[in-house]
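Below: one structure, written as structure tokens.
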Amino acid sequence: MSGLEDLYREIILDHYRSPRNRGELPVPPATRVEGFNPLCGDEIVVYLELDDASKGDDATVTQVRIGGQGCSISQSSASMMSAAVAGKTVREVKELTKAFKSMMSIHEGELEGGEAVEAEESTTGDGTRLGDLEALRGVVKFPVRIKCATLSWNTLAQGLEEAAAASA
Ligand code: ZN
């Protein structure tokens with residue numbers, strides 16, 4: 001399956017070289033959160049704007065911007081994430097986060113001494129599509145890089161929590 005691996009590498013490099021939604025948003029109304037992966041030195045800054053955070057899971061992510069620096073896996077994952085979540089509801093973003101982390105959790109679970117979850121399916125129950133994010137599937141073969149791939153998603157989740165808390 002080296003053809004598929006070449007394609008995945010191409011997608012990752014494309015997002016690394018031409019990151020989507022790179023930049024900043026005015027805070028407020030946007031929420032700004034930072035994530036750091038000390039294992040690799042990756043930094044991710046997520047700027048996130050919701051139409052109305054008080055709507056909870058029904059709120060829509062109107063804009064996302066990404067800052068920070070780090071390895072190609074962390075930066076391309078953040079770029080793919082920004083493209084995947086823009087325009088989605090918080091509920092859809094949570095589903096997507098779950099699907100992505102499930103794809104990554106085979107080894108993340110092992111790293112943390114938890115129970116490893118086998119994730120053959122890359123879609124959630126209602127068929128959430130991962131699209132370009134599938135390209136990061138190969139990362140599970142390199143456990144030390146999984147934190148690089150999940151960093152932006154953990155940072156986004158923190159941002160959604162902070163946005164919801166601020167509106168409560
Ligand atoms: Zn990294």
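The values are calculated or read from the model by the stated rules, or taken from the named source; none is laboratory data. All values reported here derive from a predicted model rather than from experimental measurement. FYI the Cβ positions are ideal-geometry reconstructions off the backbone, even for glycines, and counts take in every protein chain you see. When the accessible area is computed, the model is the full protein with side chains, heavy atoms only, and any ligands, DNA or RNA have been set aside. Shrake-Rupley method; radii C 1.70, N 1.55, O 1.52, S 1.80 Å.
Structure notes:
- Accessible surface of the chain [probe 1.4 Å, protein heavy atoms]: carbon and sulfur percent: 51 percent
- Averaging the sequence gap over all C-alpha pairs within less than 8 Å and six or more residues apart, then dividing by the number of residues, gives the chain a relative contact order of 27 percent.
- GluC sites (Glu not before Pro) restricted to the stretch 1-104 and DSSP loop, no more than 13 other C-beta within 10 Å: Glu24
- Accessible surface calculations at 1.4 Å, restricted to protein heavy atoms, place the chain at 50 Å² per residue.
- Between Ala166 and Ser72, the C-beta separation translates, for a Förster distance of 45 Å, into a calculated FRET efficiency of about 0.85.
- Segment Arg9-Lys98, length gained on full extension (0.36 nm per residue, minus Cα span): 29.7 nm
- Diffusion coefficient, µm² s⁻¹, Stokes-Einstein with Kirkwood Rh over alpha-carbon pairs of the stretch 53-94 at 4 °C and 1.567 mPa s: 116 µm²/s
- Nonlocal Lys pairs with alpha-carbon distance under 20 Å, the chain (8 or more apart, or different chains): 9
- Amide H within-cut-off set for Gly70, under 5 Å, with H built and near neighbours excluded: Glu43
- Ellipsoid semi-axes in whole angstrom, largest first, where each is sqrt(5λ) of the Cα gyration tensor of the chain: 25, 18, 15
- Along principal axes, Cα extents of the stretch 129-168, largest first, whole Å: 41, 24, 8
- Debye intensity ratio in log₁₀ form over the Cα atoms of the stretch 7-49, taken at each q of 0.19, 0.26, 0.28, 0.31 Å⁻¹: -0.76, -0.94, -0.96, -0.99
- Using only side-chain charges placed at the Cβ, +1 for Lys and Arg and -1 for Asp and Glu, the dipole size of the chain relative to its Cα centre rounds to 420 debye.
- The chain: calculated mean residue ellipticity at 222 nm from DSSP helix runs of at least 4, using -39500 (n - 2.57): -15000 deg cm²/dmol
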